[in-house]
1. Considering only strands (runs of 3 or more DSSP E) fully contained in the range 110-196, which possess at least 1 residues that are crowded, with 21+ Cβ neighbours inside 10 Å?
2. For S199, only one of the following conditions fails: (1) surrounded by fewer than 18 Cβ atoms within 10 Å (Cβ to Cβ); (2) modelled with pLDDT under 95; (3) not aliphatic (A, V, I, L, M). What is its number?
3. Would you point out the residue of the range 25-67, among those that are in a loop (DSSP other than H, G, I, E, B) and of a type in the set (S, T, N, Q), that is nearest to A98 (Cα to Cα)?
4. Look at the range 218-277 and say how many of its residues are at pLDDT below 90 and either more than 11 Å from the chain's Cα centre (by Cα) or in the same structural domain as S46 (by TED's automatic domain parsing) (or both).
5. Answer yes if at least one residue in the range 2-23 is touching a helix residue (DSSP H, G or I) at 6+ places or on another chain (Cβ under 8 Å) and surrounded by fewer than 19 Cβ atoms within 10 Å (Cβ to Cβ), and no otherwise.
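The values are calculated or read from the model by the stated rules, or taken from the named source; none is laboratory data. Computed from a predicted model, the values in this text were never measured in an experiment. In this analysis, Cβ positions are derived from the backbone assuming ideal geometry, glycine residues included, and neighbour counts consider all displayed protein chains.
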Amino acid sequence: MSRPFRPHVLREYALIADGERGALIGPDGAIAWLCAPRWDSPAAFSGLLGGQGRYAVTPSDPWNVWGGYYETGTLIWRSRWGGGASHTECREALARPADPHTAVILRRIEAVDGPARVDVLLDVRAAFGRGKMTGLSRSGGCWTGRSGALRFRWSGAARARRTTDGLAFTLSLPAGGHRDLVLELSDQPLDGPPPEPDSAWAATEESWSAVVPDCADLVAARDARHAYAVLHGLTADSGAMVAAATTSLPERLEGGRNYDYRYAWIRDQCYTGLAVAAHGPHPLLEGAVRFLTERILADGPGLMPAYTVRGERIPGERNLRGTGSSANSSSTGWGSRWNCWPQPHGWTCWPRRTGGPRPWRPTRSASAGPSPTQVCGNWTTSTGRTPGSPAYPGCVRWPPRRRGHRAGTGGGRPLSGVRWPTRSRPASATVCTRRVAGSARPPTHGSMPRCCCR
């Protein structure tokens, strides 16, 4: 039953998440991305990057029309395929409450109108596709095995057989029938009995009902509830909220500008906390305050722009070339080249270092160019050119604090009311016009390596 799984635009993937990890499901019913057991773990399914590893429930008849929807106030997704006289759905979710060490994927295949026939494929490939399935065995209607450091157990697929693509079988259902599939992925031994599908579904529904408010006081209640569900799906038990489930997707072909979104970014979580606070007290706000407070108290002036959901520092960059990807190579960890990130005290630039970045202390200003403004996350100058572009080389940075200089004075937007946590207290932004792109070491005397703006 070998079939190609082509890539899709990102907006066609559905996100299911339980707070500790998230998966992306494509229109063809294939889970093309899942890092397990945690957000920042290596991917077990990396088809989104062109790598190996998929978990697919796909109609046997390729002539079908795809659709899908979320159950209100949850991240329970329903894939649906219609064609001819049949209508098939697959209810999909990551089971809640979540276990930090074990991901449980629930899939219920339903023959809604007429009989259904679907192809099911499981190919667990840990370490971004490098770890093949080993130690496969079947007992009591469950398949068990390993892939790299991951252990897995697959229930409801007793008819699956080993193929060159993985474990596969074709399922036929009468009209109105259904079949439950439960996949567990863990970094610990799976000693207990497998989850009972009906109980797991009931617990997941109850969990979503408990954490998502009804938002009846808002105009767009349905949209607000879905926003709450997404935020909860991205928030771990520690209170940390990741930016997204994916890692380092190239922003454009051969752009060389990738970011890893599987971490808790301090600035983004502050914005989220403010938005939730505007609606009213909520566990999301409590979690954000708890996580941010812990990090500030622990690191003080050494506060990093991002952490893992466990509060650990982000590891160094790792190139994923060689994982079987036919697309651009990608990377995990800190982004490539030089990065400029907005901080509570302005924009800070730093070079790429193993073990994470260190804030780069600004030096004396070389020459002040046009006053920059921020547009859509990038700094531009009054001439309309973007710093760092070939037409305007260089990058935006902060000048040093002069003796007697107060925050909120000088050029640029006023920054009154800000308490600067470091000795270098910026007040306004200037533009370095000296081009030093490609420099291996940070220069001095007022020039900075070209940043990642362009």
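1. On the way: elements: 116-123, 133-139, 142-147, 150-155, 161-163, 166-173, 178-186.
The qualifying strands (runs of 3 or more DSSP E) are 116-123, 133-139, 142-147, 150-155, 166-173, 178-186.
2. Failing condition for S199: (2).
3. Step one: of the range 25-67, the residues in a loop (DSSP other than H, G, I, E, B) are 26-29, 36-42, 46, 50-53, 60-64.
If we keep only those that are of a type in the set (S, T, N, Q) as well, we get 41, 46, 52, 60, 64.
Details: S41: 16, S46: 22, Q52: 26, S60: 32, N64: 34 Å.
Residue satisfying both the conditions and the ranking: S41.
4. Matching residues across the range 218-277 total 9.
5. Within the range 2-23, the first condition is being touching a helix residue (DSSP H, G or I) at 6+ places or on another chain (Cβ under 8 Å), and the residues that meet it are 5, 7, 13, 15-19, 22.
In the following step, the residues that additionally are surrounded by fewer than 19 Cβ atoms within 10 Å (Cβ to Cβ) were identified as 5, 7.
Taking every residue of the range 2-23 in turn, at least one turns out to be touching a helix residue (DSSP H, G or I) at 6+ places or on another chain (Cβ under 8 Å) and surrounded by fewer than 19 Cβ atoms within 10 Å (Cβ to Cβ).
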